[in-house]
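We did not get these values from a lab; they are worked out from the coordinates using the rules stated. Predicted model, so just to flag it, every value in this text is computed and none were measured. Virtual Cβ from ideal backbone geometry, glycine too; neighbours counted across all protein chains shown.
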Amino acid sequence: MELGILLFTIGAFGIASLLAWRDRHPHYLIALASGQIATLLSPLWQRLYGFSYDPSFSPLFRVFDYPLPTAIFLAGWTLMLPPLAIFFLYQRRWWISGYVTGALTFVLFTLYHILIETIGVRAGWWQYADGGALPFDIGVNVLAGLMNGLVSLGGLAVLLITRHYAWSMLLAVVLPTPLLMSVLVHGLLGAPLYTVLLLRAQSWAAAIGMIGTLGLLLWGVHIIASELGRRPVIGRTTM
């Protein structure tokens, strides 16, 4: 599996290099690398959300006995693949930045990440404690899809904002964005849920935690979609 992921990663960066050279936008390369950097906090999320990777995966490093598998690090670019696809369409005026399109794009991002989560669990690449049981019978793959979808949406907003930035600014802004978005989404917005899960609180408290996390996620989507609604359409001039 790790060999296959390595080959896919090489292919992805090869295509990104071609697009960066043809469109003169280094965003493609930097964004893929930023997705890999975002995986560096995986040991922390394993601790908070109670999941583990296939022990047969070779670890890149360990933190408090929670590993970051090399395969997961290599595949981290998949986090930024949907934002880059929309960025590609935006460059060709096939996607218009707006509040409604931003919200719909979040839905597509969420479906993409739910698919990734479902494939990963069924293939045994990772598994969740207690079968991933959550309040209101919400699948853990759905919650993970919502969270990662919001991270990807934030990545898209930064790609559009930095469309004309120089290399140095891109490295400073785009490269850490998925990591910082992951801290915001998984670390802050997910706090109402993982706190009660870690404390093994009663079901009613877990339900309140789930409602709080879902509400914060929707609030985050609203803020980013509002920012996308303020982005000018390519070719539009303002007085």
In debye to the nearest 20, the charge dipole size for the chain, taken about the Cα centre with +1 at each Lys and Arg Cβ and -1 at each Asp and Glu Cβ, equals 780 debye
Fewest-first ordering of D23, D65 by Cβ atoms within 10 Å yields D65, D23
Pick from V174, V221, V121: which residue has the top mean-square fluctuation in a GNM of the chain where Cα pairs under 10 Å get a spring?
-> V121
Modelled label-to-label distance, H164 and R47, 7 Å Cα→beta-carbon offset: nm?
-> 4.4 nm
Would you kindly derive the ³J(HN,Hα) couplings of the range 206-214 from the backbone phi angles with the Karplus curve 6.51 cos²θ - 1.76 cosθ + 1.60 (θ = phi - 60°), listing them in order in whole Hz, with x for Gly and Pro?
-> 5, 5, 5, x, 5, 4, x, 5, 4
Expected-Rg normalisation [2.2 N^0.38 Å, Cα atoms] applied to the range 72-130 = 1.38
Rg over Rh, two decimals, the chain (C-alpha only, Kirkwood Rh) = 0.98
Within 10 Å, count the other beta carbons around each residue, average over each peptide in 35-41, 185-191, and list them highest first.
-> 35-41, 185-191
Dividing the helical contributions, -39500 (n - 2.57) per DSSP H run of n ≥ 4, by the residues of the chain yields a 222 nm value, nearest 500 deg cm²/dmol, of -20500 deg cm²/dmol
